[in-house]
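Chemist: Below is one structure. I have some questions about it.
The values are calculated or read from the model by the stated rules, or taken from the named source; none is laboratory data. Just so it is clear, the structure is predicted and the values come from calculations on it, not from any experiment. Here the Cβ is made from the backbone with ideal geometry for all residues, glycine too, and neighbour counts use every protein chain on show. Keep in mind that these areas ignore ligands, DNA and RNA; they rest on the heavy atoms of the full protein, side chains included. Shrake-Rupley method; radii C 1.70, N 1.55, O 1.52, S 1.80 Å.
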Amino acid sequence: MARQKAGPGRPAGVDAQETRDRILKEARACFAAYGYEGTSTRMIAERAGLATAALYHHFGKKSDLMIAVHRARNEASYARMRAAVDAASTYAGKVEALLLSIHELRRSDPEQFVFASVARDEARRYEELREIGQDKEFEELFAEIVRFGVKTGAIASSDAIQARGALAATTFGVAM
């Protein structure tokens, strides 16, 4: 009996983590370019060279995949920003380190910021993406920097709310 040619699936010699990473990479590109509704799991699977079933095996439904892309993107970006901020010893140094790290991330991988913007917008539209809109990790980092500024006397406590808003707006501007 002749053996049938296998369809797309995980290529030989590729482990599950490599497959997962490839799915995340291609999903981020699709979500950034086409949004949540405009992206299909089939589109992602084709770009990744996999069967659609592989996406469901690793991530479940499309909303779980978008949330996983969001988490992976935040994890990588946050770690770099956090390290830069922690290395600085002054309020101005922490702000500068944050902005420089965002600028470098933006320069080296602009698609991640397009995805972040799309993901925030889509989280407002789709209940199943609510977790993305509720993520406050970066806001807490901004608040921590401002608290440091207040503690060290670099900014007045009465200016903390405005300083936090200015920091958030500035970082958003650099990112976009």
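Chemist: Based on this model, can you work out whether Ala168 counts as in contact with a Phe, Trp or Tyr (Cβ under 6 Å, 6 or more places away or on another chain), open to solvent by less than 40 Å² (accessible area, probe 1.4 Å) and either part of a helix (DSSP H, G or I) or closer than 17 Å to Ala92 by Cα (or both)?
Modeler: The answer is yes for Ala168.
Chemist: Something else about it: Tally the residues that are without any contact (Cβ under 8 Å) to a residue 24 or more places away in the chain, open to solvent by 90 Å² or more (accessible area, probe 1.4 Å) and assigned to a helix (DSSP H, G or I), restricting the search to region 124-139.
Modeler: 4
Chemist: Hey, can you tell me all the residues within region 141-160 that are at pLDDT below 95 and open to solvent by 90 Å² or more (accessible area, probe 1.4 Å)?
Modeler: Residues satisfying the conditions do not exist here.
Chemist: Sticking with this one: Specify which of the listed residues (Val69, Val114, Val95) is at pLDDT 95 or above and over 25 Å from Ile161 (Cβ atoms).
Modeler: Selected residue: Val69, the only one of Val69, Val114, Val95 that is at pLDDT 95 or above and over 25 Å from Ile161 (Cβ atoms).
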